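This report concerns only the one structure given below.
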Amino acid sequence: MPTPLFSATYFQDPYPTFAWLRDRSPVHEFAFPVGGVRTWIVTRFDDVRALLADQRFSSEGGTWGSREFQEAGLVSGAGSVLEKAVTVVDPPAHTRLRRLVMSAFTPSRIAQWQTAVEKAVVATLDRCEERGSFDVMEHYAGPVSSTVMGEILGLRIDRHEQLVQALAQAFPSDDAQMPQVAEGFARICDYAAELVAEKRRRPADDLTTALLQARDDGDRLSEEELVANVAAMILAGSDTIRAFVGNAVLALFDHPDQRDLLIGRPDIEESAVEELLRYEGALSTALFRVTTEELTFGGTVLPAGAPVIAALLSANRDPRQFDGPDRLDLTRTRLRHVGLGHGLHNCLGAALARLEGRIAIPALFRRFPRLELAVARQDLRYIENWAMRRLVALPTRTTGTPR
């Protein structure tokens, strides 16, 4: 293949490797860089959707994963309350938790989110305008996502950078970082526990308080489940939306005709967000799934306990599903993608990601219609993380008069 999976070169441009795998080895066995664990990656669109909807592939790595997978420390949140989060449990526990958690997502609460996003965007754009030149990741996407997360969950914004660091610890891409994994998950869970305790003492109009009060026919979340699911929401929203906004802004720099279209056509904002999620969302892959039994998938025999990775970015560039998949086209219709996952474990922050994208991305270019990169395109770098696609920095300058 052009570049080995999860190598330094791959992280900067995974798409040639994905294209090779889709054509030659769509269910591909390789050694995961952490522990050299025998792993499979699935790259075609139809296979990725099928995998994510197939309950023979479990999210409970601690229950079904092979011994080498567990001993390598690859079970998400192993030994922490996160093992009780809706994102990593299977039915029937998942069904019950999802019902309770989603009961907090009322229409009125989601409507409040729009106000929170709009206020955060305007305030952040004002600060960017004062700067003249600014880094989209540090000065725009980061502050908007952290401010909104703070409003929604009721968390302190000054913890955001600490949580981003904890995320990097929790999802390493090489053996050298493995000793930090438990600490990364512990930091996230500790903060979630503090937040739950604070909202129990001082309830407020936020999602954490709503989860504390969630009921379904007398059922409610236990203390561990509360902490686990608040932690899961922090995981879902602390860095992924920042990453998505950055990726979207760069995609529009790379396709100036589409940027101009977005500025001039407010009516396409919703479809534009779907295309931007397809083109380069924040999630490179879904989290590990493990087989609950020996099975055949995509013509490949997988042993019981096998860790399998669904390559979301690859699926969304599959020419079997999309015409001209490497071209950004904000006018695509009937767009079905897996940028936010699929099936039972689709992204918890999906509604928020769509909302922030719909508001924050067009607003940036309407305020700064002549915004341009302040560095050479080839100098931009991505973090080296197997599960997330995020720019390290995106320096820009405003060369025109703001509208």
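Principal axis lengths of the range 225-340 from Cα atoms, whole Å, largest first?
So the extents along the principal axes, rounded to whole Å, are 52, 40, 22.
Given a Förster distance of 22 angstrom, what is the FRET efficiency for Ser25 paired with Ile383, based on the Cβ-Cβ distance and rounded to 0.05?
On the way: r = 26 Å, r/R0 = 1.18.
It comes out at approximately 0.25.
Multiplying the sequence separation of Ser103 and Asp54 by 0.36 nm and subtracting their Cα-Cα distance, what value in nm do you get?
On the way: separation 49, 0.36 × 49 = 17.64 nm, distance 2.52 nm.
Length gained between Ser103 and Asp54: 15.1 nm.
Between Glu198 and Gln180, with labels modelled 7 Å along Cα→Cβ, what's the label distance in nm to one decimal, could you check?
2.4
In the neighborhood of Ile309, defined by Cβ-to-Cβ distances under 15 Å, what is the net charge if each Lys or Arg adds +1 and each Asp or Glu adds -1?
Working: positive: Arg22, Arg38, Arg44, Arg49, Arg289, Arg389; negative: Glu29, Asp47, Asp54.
Surrounding charge for Ile309 is +3.
Based solely on its DSSP helices, what 222 nm [θ] is calculated for the chain when runs of n ≥ 4 H residues each add -39,500 (n - 2.57) and the sum is averaged over all residues, nearest 500 deg cm²/dmol? Mind showing how you got there, number by number?
Numbers: 17 runs with 192 residues, N = 403.
Rounded to the nearest 500, the figure is -14500 deg cm²/dmol.
Can you figure out the FRET efficiency of Glu293 with Met1, using R₀ = 41 Å and their beta-carbon distance, to the nearest 0.05? It would help to have the intermediate numbers written out before the result.
On the way: r = 29 Å, r/R0 = 0.71.
Efficiency, rounded to the nearest 0.05: 0.90.
How big is D, in µm² s⁻¹, for the range 268-403 by Stokes-Einstein at 25 °C and 0.890 mPa s if Rh is the Kirkwood radius over C-alpha pairs? All intermediate terms of the calculation are to be shown ahead of the outcome.
On the way: Rh = 17.3 Å.
Calculated translational D: 142 µm²/s.
For the range 275-331, report the convex hull volume of the alpha-carbon atoms normalised per residue, in Å³, without decimals. Provide the component values of the computation, followed by the final result.
On the way: hull volume 4.7 nm³, N = 57.
It is 83 Å³ per residue.
Give me the percent of accessible area attributable to carbon and sulfur for the chain, probe 1.4 angstrom. Working shown, then result.
Values: 8020 of 16470 Å².
Of the solvent-accessible surface of the chain, carbon and sulfur hold 49 percent.
How long, wide and thick is the chain, going by the Cα atoms along their three principal axes, in whole angstroms, largest first?
Computed over the chain, the largest-to-smallest principal extents equal 61, 56, 41 Å.
Would you mind listing how long the range 1-156 runs along its three principal axes, going by Cα atoms, in whole Å with the largest first?
Over the range 1-156, Cα extents along the principal axes are 50, 42, 31 Å.
Net charge near Ala353, counting Lys/Arg +1 and Asp/Glu -1 over other residues with Cβ under 12 Å of its Cβ? Intermediate results must be reported in sequence, preceding the final value.
Values: positive: Arg242, Arg354, Arg358; negative: Asp239, Glu274, Glu356.
Spelling it out: positives minus negatives among the neighbours equals 0.
What accessible area per residue comes out for the chain, rounded to a whole number of Å², with a 1.4 Å probe? Walk me through the intermediate numbers first.
Values: 16470 Å² over 403 residues.
That works out to 41 Å² for each residue.
The values are calculated or read from the model by the stated rules, or taken from the named source; none is laboratory data. Quick caveat, the model's predicted, so the values are computed rather than measured. Every residue, glycine among them, receives a Cβ derived from its backbone with ideal geometry; neighbour counts consider all protein chains shown. All accessible areas refer to the heavy atoms of the entire protein, side chains included, with ligands and DNA or RNA removed. Shrake-Rupley method; radii C 1.70, N 1.55, O 1.52, S 1.80 Å.
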